Amino acid sequence: MWLLDQAYRWRPITRTVFLERLPEDKHLPAIDVFICTVDPKKEPTFEDMNTVISAMTLDYPPEKLHVYVSDDGGSSLTLYGMKEAWEFARSWLPFCRKHGFKNPCPKAYFSSVEEEDGTEFMAERRRVQIFHLLLPYTLIVMARHPVMKIILNDSDSDDELEMVTICAIEMNKLNSEESSGVRHGSIQGHSVFFRNRVQGHERLYRDYFVELPIYPPNLFRRRFRMNRTLFLCILFMVENYDPYFVQTKNATGITGLSSLQKMTATIRMLAYGVAADVVDDYVGIGESTTIESLKRFVRAIVAIFSNEYLRSPNNDDIARLLAMGTNRGFPGMLGSIDCMHWKWKNCPTAWKGMYSGHVYEPTIILEAVASYDLWIWHAFFGLPGSYNDINVLERSSVFALLSKGRAPLGNFSVNENDYTMG
């Protein structure tokens with residue numbers, strides 16, 4: 001195999017090009033140049049941009065030259081890069097034809113060309129070089145900072161061009177720092193990850209909130225512990241109360257998290273007791289943002305619904321509950337009271353004995369009173385798990401107003417005893 005590989009090296013074949021034999025431009029055939037590319041991580045978009053620009057600069061009649069880029073569609077970065085390459089070609093092609101450059105690749109030209117005399121040429125070359133220097137950063141920055149593009153395209157001032165050059169240098173430094181793991185920001189040591197928030201919102205919306213979602217209503221209820229109508233109702237009221245949940249853009253033009261993303265992460269924490277970053281890979285929301293959303297969500301719920309849902313029953317409520325209890329065969333019944341044990345996973349070792357009861361592990365007791373329609377009228381939480389229900393009832397405030405004679409009025413009979421307060 002080595003011998004066969006070396007055979008053509010012994011006597012290389014060279015062919016001479018006779019330019020005078022070429023026909024006139026109007027008789028030349030039209031040619032198509034196809035440039036194939038795939039994932040930007042495997043083939044950097046900037047290299048593809050230089051390839052496309054080089055193909056557009058070929059010494060061929062422009063009306064008969066067509067350049068096509070074949071992409072796998074895996075990233076929108078390639079499409080944006082081709083748009084920027086076209087913008088740069090509008091300056092690069094006239095520059096090459098005006099000065100008769102034989103090297104059509106801008107990357108190779110600016111890395112090898114020597115300085116030439118001529119103030120007009122150097123000023124024009126400097127402008128085009130700055131434009132090319134900014135290309136790698138425009139893939140991410142220029143779409144969000146159109147002011148820099150305006151300065152570059154419309155300004156004839158050397159001072160402003162120098163400012164753009166400084167911006168490019170600073171971007172280069174920032175890129176080097178990011179690649180080396182160094183970060184200078186408002187929070188030292190705070191890790192920053194690029195999360196495609198828009199894609200996370202679209203995925204969440206497509207899975208649960210479109211007209212025909214991927215996951216049916218029964219899965220929505222199981223995962224969110226409520227139906228979709230109630231979820232959207234709460235979302236609407238929380239958005240109106242706290243602007244934090246309204247999707248906005250920051251100073252750099254980046255779209256922030258939507259209210260669906262913030263509330264989904266909050267509901268998952270409340271419903272399942274999971275860590276703050278458990279839905280980070282799905283929703284695209286960081287741990288600190290989830291915790292802040294949880295705090296604001298709880299404050300908003302208390303402020304919006306406390307007057308209606310976090311209250312004791314009034315006279316009308318007692319009359320309605322007593323009538324319903326009588327119809328269901330339980331005269332004089334307002335609701336059901338029960339205690340449940342919540343496991344305390346991180347209970348201090350010194351307290352485990354006090355908080356361990358019949359379940360043989362540390363728990364905290366929740367006492368609740370609920371009516372037939374699952375309306376919770378009373379909740380008392382925090383007593384150690386070693387207590388029984390009678391101990392909890394003695395320390396509960398469920399009968400506090402009744403013992404002081406200030407409970408709402410209600411007439412009912414139990415075991416042939418008549419009562420006037422509920």
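Here H66 clears all of (1) at pLDDT 80 or above; (2) more than 53 Å from the chain's Cα centre (by Cα) except the condition numbered (2).
Would you confirm whether any residue within the range 30-39 is at pLDDT below 80, outside any helix (DSSP H, G or I) and out of contact with any Gly (no Cβ under 8 Å at 6 or more places or on another chain)?
So in the range 30-39, the residues at pLDDT below 80 come out as 38-39.
Imposing the further condition that a residue be outside any helix (DSSP H, G or I) reduces the set to 38-39.
Then drop every residue that is not out of contact with any Gly (no Cβ under 8 Å at 6 or more places or on another chain), which leaves none.
Within the range 30-39, none of the residues are at pLDDT below 80, outside any helix (DSSP H, G or I) and out of contact with any Gly (no Cβ under 8 Å at 6 or more places or on another chain).
Consider the range 226-269 and keep the residues that are farther than 20 Å from G286 by Cβ and of a type in the set (D, E, K, R). The one that is surrounded by the fewest Cβ atoms within 10 Å (Cβ to Cβ) is R228. Scanning the range 41-87 for residues that are closer than 21 Å to Y109 by Cβ and of a type in the set (S, T, N, Q) returns T45, N50, T51, S54, T57.
Would it be correct to say that H341 is touching a strand residue (DSSP E or B) at 6+ places or on another chain (Cβ under 9 Å) and assigned to a loop (DSSP other than H, G, I, E, B)? For H341, the condition - touching a strand residue (DSSP E or B) at 6+ places or on another chain (Cβ under 9 Å) and assigned to a loop (DSSP other than H, G, I, E, B) - is not met. Report whether or not S336 is open to solvent by 50 Å² or more (accessible area, probe 1.4 Å), modelled with pLDDT under 85 and at negative phi. Judged against the criteria, S336 is not a match.
Which one is surrounded by the most Cβ atoms within 10 Å (Cβ to Cβ) among residues in the range 40-63 that are under 29 Å from the mean Cα position of the chain (by Cα) and outside any helix (DSSP H, G or I)?
Among those that are under 29 Å from the mean Cα position of the chain (by Cα) and outside any helix (DSSP H, G or I), it is P40.
Exactly one residue among F381, F297 is open to solvent by 90 Å² or more (accessible area, probe 1.4 Å) and hydrophobic (A, V, I, L, M, F, W, C), and that residue is F381. Evaluating H341 against the criteria (1) under 30 Å from T255 (Cα atoms); (2) in contact (Cβ under 8 Å) with a residue 24 or more places away in the chain leaves one unmet condition, (1).
The values are calculated or read from the model by the stated rules, or taken from the named source; none is laboratory data. From a predicted model like this one, the values you see are computed outputs, not experimental measurements. With ideal geometry, Cβ positions are generated from the backbone for all residues, glycine too; neighbour counts draw on all protein chains shown. The area values use the complete protein model at the heavy-atom level, side chains included, leaving out ligands, DNA and RNA. Shrake-Rupley method; radii C 1.70, N 1.55, O 1.52, S 1.80 Å.
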